[in-house]
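The values are calculated or read from the model by the stated rules, or taken from the named source; none is laboratory data. Predicted model, so just to flag it, every value in this text is computed and none were measured. In this analysis, Cβ positions are derived from the backbone assuming ideal geometry, glycine residues included, and neighbour counts consider all displayed protein chains. Surface accessibility is based on the protein's heavy atoms, side chains included, excluding ligands, DNA and RNA. Shrake-Rupley method; radii C 1.70, N 1.55, O 1.52, S 1.80 Å.
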Amino acid sequence: MNTPLIDPFARAIRYLRVSVTDRCDFRCVYCMSESMTFLPKKDLLTLEELDRMCSTFIRLGVKKLRITGGEPLVRRDIMTFFRAMTQHLDTGDLDEMTLTTNGSQLAKYADDLFAAGVRRVNVSLDTLNDDKFARITRWGRLPQVLRGIEAAQKAGLRVKINTVALKGFNEDELFTLTDWCARHNMDLTFIEVMPMGDIGNEDRIGQYWSLKDLQAQLATRFTVADLPDNTGGPARYVRLKETGQRIGFITPLSHNFCESCNRVRITCTGEIYTCLGQDGHADLRAPLRSSESDATLENAIRAAIALKPKGHDFDYSRQTVDGRVNRHMNHTGG
Ligand code: SAM
Ligand code: SF4
């Protein structure tokens, strides 16, 4: 039997997030600049290599897989990869396979995703206003995403909405978004905007809407009950008594979640990032390509996990963006 992956701080690695492409059909202003240069195809892991990479992690004890990007559903033939992962769900080696998507292709793929064993999806949506949606995503159109969400629910997928909290942009939609999610039986998670990558002229500090303030606003209308955090991740959860909804808060800047971190990330080029908030990473593509046996890859994975840092250093408390990292969010996936 394989020894499981344990990092130097005694955290067992059970959760793998895989970015399957850096490309996207949107250009969200906090995520990408309008003129992004994407990676040449030869640099990407092939679908077969993604399968081998994920299967190796699963053999080493990963129980939960989240597929992300870029926009995962714009990668050509991506369903082949989802279907390859179904075997691990069938054997029980993998507990769950989920995905984070902008929703644009969900109408096309919802049934296939369900058939491959996906039961939950996170859809990113920052506003319910057509014009604001077009502004924040630059290239996206809201009706297409709403159709995607509807199709996902119809296919039997449980949908959670992820909303980036942006000062002066969606503050006025707090209750509209909450009510809409409640009506459609969806949980909602708010994300604090993070200082990832150079995205042009956006003002990071001006964008930053503290989720402490957001929660205080929610409490003016709802009875908010804290829920125990059981995801081992950066989210904290509350329940709104009036709607029964679970609301999550991902607060990398105002709340330190690192002590319970059980996850690592793989980029679409096969780099492993053991912390979202640090630039430190290791290449797994060369060891993967160097040998048909997985032993070299396994050793490289173990060596990377042995260097997993204790935590990240994002800090806005001095009114400057300290601890920023240089890569874009679509590189490592959210
Ligand atoms: N394209 C998919 C989507 O939008 O859901 C998956 C990839 S996207 C990079 C994953 C998540 O990261 C999204 O919920 C997005 O809103 C979030 N995100 C992107 N840039 C961010 C930033 N600078 N700060 C906080 N969240 C960010
Ligand atoms: Fe694309 Fe997601 Fe980034 Fe928006 S947040 S540009 S949808 S990868």
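Can you give the accessible area of Glu259, probe radius 1.4 Å, in Å² rounded to 10?
130 Å²
Work out which trypsin sites (Lys or Arg not before Pro) in the chain are exposed loop sites (DSSP not H, G, I, E or B, at most 10 other Cβ within 10 Å) and give the longest gap free of them.
Between the exposed loop sites, the longest stretch runs 77-317.
For region 129-168, what % of the accessible area comes from carbon and sulfur atoms, probe 1.4 Å?
Exposed carbon and sulfur together represent 48 percent of the surface.
Which lysines have a Cα lying under 21 Å from the Cα of Lys63, excluding residues fewer than 8 positions away in the same chain?
Hits, sequence-local ones excluded: Lys160, Lys308.
Pull out the extension gain between Glu259 and Glu96, defined as 0.36 nm times the separation in residues minus the alpha carbon to alpha carbon distance; nm, one decimal.
Value of the extension gain: 56.4 nm.
What are the ³J(HN,Hα) values, in whole Hz, obtained from phi via the Karplus relation 6.51 cos²θ - 1.76 cosθ + 1.60 with θ = phi - 60°, for each residue of region 26-33 in sequence order, with x given for Gly and Pro?
The phi angles translate into 10, 9, 3, 5, 8, 10, 9, 7 Hz.
Kindly express, to the nearest 10 degrees and within the range 0 to 90, the angle between helix 174-183's C-alpha long axis and the longest C-alpha principal axis of the chain.
Taking the Cα atoms of the chain, the angle to 174-183 is about 70 degrees.
For Asp187, list long-range residues whose amide hydrogen, built 1.01 Å from N in the peptide plane, is under 5 Å from its own amide hydrogen.
Ile161
At 7 Å along Cα-to-Cβ for each site, give me the label-to-label distance between Arg119 and Asp172 in nm.
4.1 nm
What order do Glu171, Glu242 take when sorted by accessible area (1.4 Å probe), most exposed first?
Glu242, Glu171
Can you give the Kirkwood hydrodynamic radius of region 1-146 from its Cα pairs, in Å with one decimal?
With all distinct Cα pairs of region 1-146 included, I get 16.5 Å.
Enter the accessible area of Leu146 (Å², nearest 10), with the probe set to 1.4 Å and all protein chains included.
Spelled out: Leu146, probe radius 1.4 Å, area about 60 Å².
For Ile250, Ile266, give me the order by solvent-accessible area with a 1.4 Å probe, most accessible first, ignoring ligands, DNA and RNA.
Largest accessible area first, the list is Ile250, Ile266.
Return the Rg/Rh value of the chain, two decimal places, where both radii are evaluated on C-alpha atoms and Rh is the Kirkwood radius.
Value, to two decimals: 0.94.
With a 1.4 Å probe and every protein chain left in place, tell me how much accessible area Trp180 has, in Å² to the nearest 10.
30 Å²
Give the dimensionless ratio obtained when the Cα radius of gyration of region 1-74 is divided by 2.2 N^0.38 Å.
Dividing the Cα radius of gyration by 2.2 N^0.38 Å gives 1.36.
Could you tell me the calculated FRET efficiency between Asp25 and Asp213, based on Cβ-Cβ distance and R0 = 30 angstrom, to the nearest 0.05?
0.40
Where nothing but the Cβ of Lys and Arg (+1) and of Asp and Glu (-1) is charged, how large is the charge dipole of the chain around its Cα centre, in debye to the nearest 20?
380 debye
What number does region 95-193 give for Rg over Rh if you use C-alpha atoms and the Kirkwood radius?
0.96
Once R0 is set to 35 Å, what does the formula 1/(1 + (r/R0)^6) return for the Cβ-Cβ distance between Lys310 and Arg147, expressed as a FRET efficiency to the nearest 0.05?
Efficiency at R0 = 35 Å is approximately 0.20.
With a 1.4 Å probe and every protein chain left in place, work out the accessible area per residue of region 1-91 in Å², rounded to a whole number. List each step's numbers first, then the result.
Numbers: 3900 Å² over 91 residues.
Per-residue value: 43 Å².
Using the 4.7 Å Cβ rule, please list in number order the cysteines from the chain without any candidate partner.
For the chain, the answer is Cys24, Cys54, Cys181, Cys258, Cys261, Cys268, Cys275, because their Cβ atoms have no other cysteine Cβ under 4.7 Å.
If you stretched the chain out fully between Asp111 and Thr296, how much longer would it get, using 0.36 nm times the residue separation minus the C-alpha to C-alpha distance?
Difference between extended and current length: 62.9 nm.
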